[in-house]
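Asker: Structure incoming, see below.
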């Protein structure tokens, strides 16, 4: 837990330089545009603690797996997004001294992440050992308008001296991942091309043979006047540099502009990579830095128009929610259905940039409401395209007949994770992928998705569940043995209620979607069934499971049991745990955690959240009251579900309390792990706490429903929702709800149970509901 | 499965050279003397497939752990017995050609492991590329009479040429373990000393700082006449060599004798290591090779006198049982209570030479019956001495109050294994350690052991069980959650019947031992309780658990349930599994194995075996009939328990069938893994099948009991038993049992329920019992 970020509505601000915080700030101030991203490393050399990180989406390396004890079926590699060419580098030398904030005296240090306009600015004054003092002001961004571009404006001013200054702009491809399993470097050189103003470095990943060409253009200005210069060039296999020496005068403003293009062979033929990079650089050069920055500001303004949340009366909350939205959009823009959302986005190496169930369970709701429909559709199509691999994955585990098990962790559709209790057993991910289809169709009304993509995935998933359950002669029911639920503080349990419920729901949903597609798109339906060699007997099997599945339940307490035997555990509550015992995952050995009743993250409650309409208020309350006091929330994905359910149960104080646990998770380095990267996917959970929790938003019967309340610490809050072509701005204060409908069509919504007509292109005030 | 070993009563024989079998033979023909041991590598150079292995007992290295995903509480290292100085090396060069069986034409190749006399002999004729042919006859042994000594007699004869021959005797300490986690070499050089005839290489292990001095003396003979020679010397940090060139004549017999001492700082002060090695070499040199070999023969004769099993009518069985006994005695001689029995002994690197529960569950019964009492006592004292570390280990996992959890895998008392499902959960090992105390006292009558050592261990183990169970409000019983039983094809189960039963037995046994010690040794008792801050309330707690423990049981089937929920599994029998599916651990993914009903090794039946007097015949039969058909025996420790129980149930055919599964496990390379090393600990299980199974030997009320039968394929069998100072030879044929009592006291035994007096120093014939 830290508290050094200065609160501001639109900016994330750090003042004063503390090397101990640098790796944390490198994560917090990260930049990205969905196609590439980077940690907030310094442009100039820095010999203090740093984690260098530049990433290109979709470019991965299959790092050979290293485990202590191999289990049959483990994947051979863990695909990870690579540390790619460092393109920000600008080395600064003043006579024989090098600018390095670890060695200079630093004052007036300030870092600002301007979230409204999408750039990072850093300024400081450095006094070198010689006494020479210089001011630096660096601004950079990853362009969201053209996601193959990045740009830096690096300004420096000699405060108290005139001297020769050397500026070396470089591209460094001789990088490696800190988490490389065998200390390997993952890039081979392909091509270099350099002149006075431009440099192009092309590298190829080992094994996967992706090529990435990084091109740069540099421009020198003194007191805003462009300068001719003659650079001294360095041209190595994986390293290119242009060294400019200029005679700098006291108080001059020296500016080096560096515009960079990052092109991947995923998007361009390898043979054209270099020439395309040159064209992109030529265009960018023609536009110039200012125009690129303007385009960036406009692009971000457009994003905010569809997604902003305004919180009045709580600047920390305001900053945090915008930070979360900003980072989510920096990570994923939805343009490319081959990309997805790594838990740390472009802000660190951890989790390898891979896709987890986080996407379907937490991120899809965010993108559905805040971005064009195609964005979440692409997240779904990502899995659709990996269906073949998911079927292969299931085959490796002994499943047949086209059953699919999507991987727990993946980049290209192949499983990467190798803890048996997760890889093989945390199969609820399959259900989350089905749920995302349901969620998407429910929200968008785009039921053509089902015939075109969804049903095929659902059939394969249902085939998996059919084979994964077995008949228990003892219970006279179907059971599901040996699974790990969302609560990873249990492993290899029998009849995890959530997984059983999800499996049965998947089967039911697939049956209903199949019926719907059969009616609406009979030809497509027939084609699909033929392609899959599907027999109607399978439907009968599924119905049998739906009707005869076992769900652990305690009649005395009236609660669903997380799994068989849960009540055999010693029932202690989290509040009775000594502070010194927490977090459990750092203080307790694994077996102790496993046999305790403590829950890492919502499990039964995750199921109730997904399927809340299946349960009455009392059932939800009983389960919430039973499980919440046993949940330690040691996953950042946990509190949002509790927040939303607490809100549903009208427990506004607790809804707010749970929201607080993740709202500023990274800004305040809550878990002392922000230096590894940001918790991108859990940021979507915070958004959910506000929109689904405080505002109680749901979609039912093609209609938006709100059950809002105003957290007592706030004066008001408002958020934007894209719903079926319309952008609504819902504003809630203590007295009223106002909804601005920016679309040309009226819309009817339900607020606290009352139908309300929201006229087109106006703001409607709803005052006849209780809010506080 | 292979079948290339030639059957013989006293010898293991390989004829003909097949490089594909070499690594298997290297394991099978291994030598050892409890203090050091080695794989049957060739003395001369060999460029074909080989696993070089020379080991010194108790000398280990803490190899840094490498796991994919770290869990809190994992040990930081895996201590492994090291590949130590290769002392057998004799390089042979004929002019410019090197003798290398991978490159020569080999004929008349023969390897013989003489088990009666304890040596390895190898002879062959090699034709080099040049056409030069030479005969080699090499004999070597690890002395069991002086366990710091080894010796080689390497003879060669030029068959069809006269030429210069170079013989290079060397000590090579520049070795590493194949399984090194980080490719590290584990030895640092300390000292070298070499002259024409002697060489001394002292090395020190990194981190643990053990020192081992390997000294050698060489002697050259031509046609049995000692020769003067002037060797050319090589003296490097970790490598010493004496190169002798001699002008060899056709048909001459050239002999190089190499006598080697291996001294460890575990047994000698480091400062005296070299001088002691020199003294040991001087003594051995004075005795000479023949005398050392004679001493070896005599020492082995003495071992066989106490332990031999004779099987008539089945030479394969005869060879196998002697092989098992021979290898067990090569691995552990019981002289040193700091040593124990690695599952692969000195025959390979796998399992790191560490101690597992195999020792207590399988090896102790063997050594109790076939070796002096001190031998098994030392195995027990090994654990006693590690009690402090076992308490530390439990503390790391959150236990308090002096509770001990002995490690699953250890050399020095610290846990080495790092799969949570085994390390943290396979806690039944604690019970096996308690059971070995009970077994030892039952067999030897040495109840002083309890006061001197046993009770302290039992109290610490009972404290562990007390804390490891918890009260289930749901079941109104004590339960034990999250364990892995002996059947490792289940992980993290609740209420494993075996573990629950063993825990309760431990508590009961500890209570009774405490009472006994209190009565017989009140002072010692008081001291101990004071030392342990033991309060009588603890006894009350234990009694409460004993009286209120939950045991899963199925009333319909009348069987103990292996664990909660076992009957939820799909109940398929092993006989209905396709051959292509087996072994499961190679064909199925781990989750599939876990959720299947298939059992890796005896679990409930292991408990019934341990505590058979607690159960009536029908209960044993019901459980056997239920579990046996579900057991795949993919642990070599499994069949013996089934064999013994089948024998008890008078199912002689099956008793024999189970015996067959491991009797020739390594000789026939049953599981295609003998090349990694021999299954030393499961060899004790085969012995148990014969003695406890076929002969039905038990000890009850200080008396030996036999319920023998004769396997129908055999004419007769006899075995030797040391029981309380007497050596009995029990011979069983189709018609009678004869017992020869070599002691001066008569003994009363029970045979098939009939008391029988066995007079001293005579053979008693018992004919009034049914045997077939």
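Asker: Given the condition closer than 18 Å to residue A:103 by Cβ, free of Cβ contacts under 8 Å to residues at least 40 places away in the same chain and not assigned by TED's automatic domain parsing to the domain that holds residue A:267, answer yes or no: does some residue in region A:34-50 qualify?
Answerer: no
Asker: If you don't mind, another one. Looking at region B:563-603, which of the residues that are more than 10 Å from every other protein chain (Cβ to nearest Cβ) and in a helix (DSSP H, G or I) is nearest to residue A:491 (Cα to Cα)?
Answerer: In this case the residue turns out to be B:574.
Asker: Quick one: is residue A:606 part of a helix (DSSP H, G or I) and under 12 Å from residue A:642 (Cα atoms)?
Answerer: Against the criterion (part of a helix (DSSP H, G or I) and under 12 Å from residue A:642 (Cα atoms)), residue A:606 qualifies.
Asker: Can you tell me how many residues in region A:642-670 are within 23 Å of residue A:30 (Cα to Cα) and in contact (Cβ under 8 Å) with a residue 40 or more places away in the chain?
Answerer: Adding up the residues that qualify gives 7.
Asker: Only one residue in B:411, B:391 is within 24 Å of residue B:483 (Cα to Cα), surrounded by fewer than 24 Cβ atoms within 10 Å (Cβ to Cβ) and more than 14 Å from chain A (Cβ to nearest Cβ). Which one?
Answerer: From the options B:411, B:391, the qualifying one is B:391.
Asker: Quick one: which residue in A:421, A:425 is within 14 Å of chain B (Cβ to nearest Cβ), assigned to a helix (DSSP H, G or I) and touching a residue at least 40 places away in the same chain (Cβ under 8 Å)?
Answerer: Unique residue meeting the criteria: A:421.
Asker: Residues A:397, A:405: which one is modelled with pLDDT of 95 or more, crowded, with 24+ Cβ neighbours inside 10 Å and within 14 Å of another protein chain (Cβ to nearest Cβ)?
Answerer: A:405
Asker: Go through (1) more than 24 Å from residue A:494 (Cβ to Cβ); (2) under 23 Å from the mean Cα position of the chain (by Cα) for residue A:408 and report which single condition fails.
Answerer: Unmet condition: (1).
Asker: What are the pairs, 6+ residues apart or on separate chains, where a residue within region B:453-473 that is without any contact (Cβ under 8 Å) to a residue 60 or more places away in the chain has its Cβ under 8 Å from a residue that is part of a strand (DSSP E or B)?
Answerer: Short answer, once both residue conditions are applied: B:470/B:478; B:470/B:479; B:471/B:477; B:471/B:478; B:471/B:479.
Asker: For residue B:460, work out the one condition from (1) over 28 Å from residue B:521 (Cα atoms); (2) not in a loop (DSSP other than H, G, I, E, B) it doesn't fulfil.
Answerer: (1)
Asker: Right, another one. Go through (1) on the phi < 0 side of the Ramachandran plot; (2) within 14 Å of another protein chain (Cβ to nearest Cβ) one by one and return the number of the condition residue A:60 breaks.
Answerer: (2)
Asker: Which of the residues belonging to region A:484-502 are surrounded by 24 or more Cβ atoms within 10 Å (Cβ to Cβ), over 14 Å from residue A:594 (Cα atoms) and more than 14 Å from every other protein chain (Cβ to nearest Cβ)?
Answerer: Of everything in region A:484-502, those that are surrounded by 24 or more Cβ atoms within 10 Å (Cβ to Cβ), over 14 Å from residue A:594 (Cα atoms) and more than 14 Å from every other protein chain (Cβ to nearest Cβ) turn out to be A:497, A:498, A:502.
Asker: Tell me the residue from A:346, A:366 that is under 11 Å from the mean Cα position of the chain (by Cα), buried (at least 22 other Cβ atoms within 10 Å of the Cβ) and over 23 Å from residue A:79 (Cα atoms), please.
Answerer: Of A:346, A:366, the one residue that is under 11 Å from the mean Cα position of the chain (by Cα), buried (at least 22 other Cβ atoms within 10 Å of the Cβ) and over 23 Å from residue A:79 (Cα atoms) is A:366.
Asker: Of the residues B:507, B:481, B:511, which single one is over 27 Å from the mean Cα position of the chain (by Cα), within 14 Å of chain A (Cβ to nearest Cβ) and either in contact (Cβ under 8 Å) with a residue 40 or more places away in the chain or at negative phi (or both)?
Answerer: The match here is B:481.
Asker: Right, next: Any chance you could count how many residues in region A:657-684 are in a helix (DSSP H, G or I) and either crowded, with 23+ Cβ neighbours inside 10 Å or within 20 Å of the chain's Cα centre (by Cα) (or both)?
Answerer: Going through region A:657-684 one residue at a time, the tally reaches 14.
Asker: Continuing with this model, one more query. Between B:340, B:324, B:262, which is under 19 Å from residue B:140 (Cβ atoms), surrounded by 24 or more Cβ atoms within 10 Å (Cβ to Cβ) and touching a helix residue (DSSP H, G or I) at 6+ places or on another chain (Cβ under 9 Å)?
Answerer: B:262
Asker: Please state which one of A:687, A:714 is crowded, with 24+ Cβ neighbours inside 10 Å and touching a strand residue (DSSP E or B) at 6+ places or on another chain (Cβ under 9 Å).
Answerer: Being crowded, with 24+ Cβ neighbours inside 10 Å and touching a strand residue (DSSP E or B) at 6+ places or on another chain (Cβ under 9 Å) holds for just one of A:687, A:714, which is A:687.
Asker: When you go through B:449, B:438, B:453, B:443 one by one, which is the residue that is in a helix (DSSP H, G or I), closer than 12 Å to residue B:509 by Cα and away from chain A (no Cβ under 14 Å)?
Answerer: B:438
Asker: Could I ask something else about it? Which condition number does residue A:698 fail, the rest of (1) buried (at least 22 other Cβ atoms within 10 Å of the Cβ); (2) farther than 19 Å from residue A:311 by Cα being met?
Answerer: Answer for residue A:698: the failing condition is (1).
Asker: Still on this model: Among the residues of region A:147-187, write down those that are in a loop (DSSP other than H, G, I, E, B), more than 18 Å from residue A:262 (Cβ to Cβ) and modelled with pLDDT of 95 or more.
Answerer: Across region A:147-187, the qualifying residues are A:159, A:160, A:161, A:162.
Asker: Then there's this: Among the listed residues B:560, B:534, which satisfies the condition of being more than 23 Å from residue B:450 (Cα to Cα), in contact (Cβ under 8 Å) with a residue 60 or more places away in the chain and away from chain A (no Cβ under 14 Å)?
Answerer: B:560
The values are calculated or read from the model by the stated rules, or taken from the named source; none is laboratory data. Please read all numbers here as calculations on a predicted model, not as lab measurements. A quick note on method: Cβ atoms are made from the backbone with ideal geometry, for glycine too, and the neighbour counts reach across all protein chains shown.
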